[in-house]
Amino acid sequence: RTVYVNGEYLPEDQAKVSVFDRGFLFADGVYEVTSVLDGKLIDFAGHAKRLQRSMDELDMKAAIDMDDLLGIHRELVVRNDLSEGLIYLQVTRGAADRDFLYPAEDTPPTIVLFTQAKPGLAANPMAKTGMKIVTVPDRRWGRRDIKTVQLLYPSMGKMAAKAQGADDAWMVEDGAVTEGTSNNAYIVKDGVIVTRHLGEEILHGITRKAVLALAREAQMKVEERAFTLEEALQADEAFITSASSFVMPVVSIDGETVGTGKPGKIVGRLREIYLEEMR
Ligand code: PDD
């Protein structure tokens, strides 16, 4: 692969980042994952906007030109002949001698991008079979709306799911589902789509925003509010959204069947609409 590091396109084995990088030492960095279908970026504008917001919330002052960033994304698609897959982007506060205090504001940020080819991303067979979910307590920090690279807890959640023969985990706080380890969580009950309201407790998913807008356009009912695990277990349908899964049905939670145990009608329709409108 050709990757991008701080202004250069390099073969992946020649790309280097400092051992003093604050992303490495303090998880002092933010990221975005943008999907690519038919060689085209899906909703880059949404990801660029959220990247800027994450940086602003962390007082990361580096000026990043979003048009330049778009150019780098496109260049990587071309150089890697990427038809279907993901582009990962990470920006850290840069390299400085280890100190909890932030380094000087003119410290150059570390900007890294790489591609991941995922043939069959849109035709993922899981859309037909649905995902098995387990739940874990949400033990992340309190600013989950900032897309930082502190991903150890979500990683533990995915390992816990795997150990139980499931595909992913939903996180639960005060009895309510916050979100999935790397996706937003939804249920459908009596034709109403329910997903947690925006706040500091969840990531403001770019796919979430697009899917909710498309659902409303299609005259579907949407409620943005917290829902309990109990409600999820009684739901007619359940699903997740993310840049890497688009819209994906959930058919069981903690070993209990959701609805009929097959992917629901509404989630199927939403996936169709999303892929049709966004690609
Ligand atoms: N994850 N919630 C969390 C905690 C996430 O990490 C993600 C994205 C989402 C969905 O956001 P979006 O629709 O903008 O992808 C929700 C990415 C895909 C990842 O970490 O790979």
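FYI, it's all coordinate maths here, none of it is from the lab. None of these values were measured; they are calculated from a predicted model.
Principal axis extents of the Cα atoms in the chain, from largest to smallest and rounded to whole angstrom, are 54, 39, 35.
Excluding same-chain neighbours fewer than eight residues apart, the aspartates and glutamates reachable from K61 by a Cα-Cα span under 20 Å are D21, D28, E32, D97, D99, E105, D106, D145. By the helix-only formula, in which each DSSP H run with n ≥ 4 contributes -39500 (n - 2.57) and the sum is divided by residues, the chain has a 222 nm mean residue ellipticity of -8500 deg cm²/dmol.
If one computes P(r) from the Cα atoms of region 143-279, what percent of pairs lie at distances over 22 Å?
Within region 143-279, distances greater than 22 Å cover 32 percent of Cα pairs.
By the gyration tensor of its Cα atoms, with a ≥ b ≥ c the square roots of the eigenvalues, what is the shape of region 1-84: rounded for a/c under 1.5, prolate for a/b over b/c, or oblate? It comes out oblate by the Cα gyration axes.
Antiparallel DSSP bridges in region 126-278: what percent, to the nearest 5?
65 percent
Using Cα pairs closer than 8 Å and at least 6 residues apart in sequence, work out the relative contact order for region 71-225, in percent. Present the calculation step by step, with values, prior to reporting the outcome.
On the way: 202 pairs, mean separation 25.5, N = 155.
Dividing the mean separation by the residue count of region 71-225 yields 16 percent.
Cross-link check: pairs K49/K162; K16/K40; K40/K209 evaluated at a Cα-Cα cut-off of 31 Å; pairs beyond the cut-off: K49/K162. Which whole-number percent gives the relative contact order of the chain, counting Cα pairs below 8 Å spaced six or more residues apart? In percent, rounded to a whole number, it is 18.
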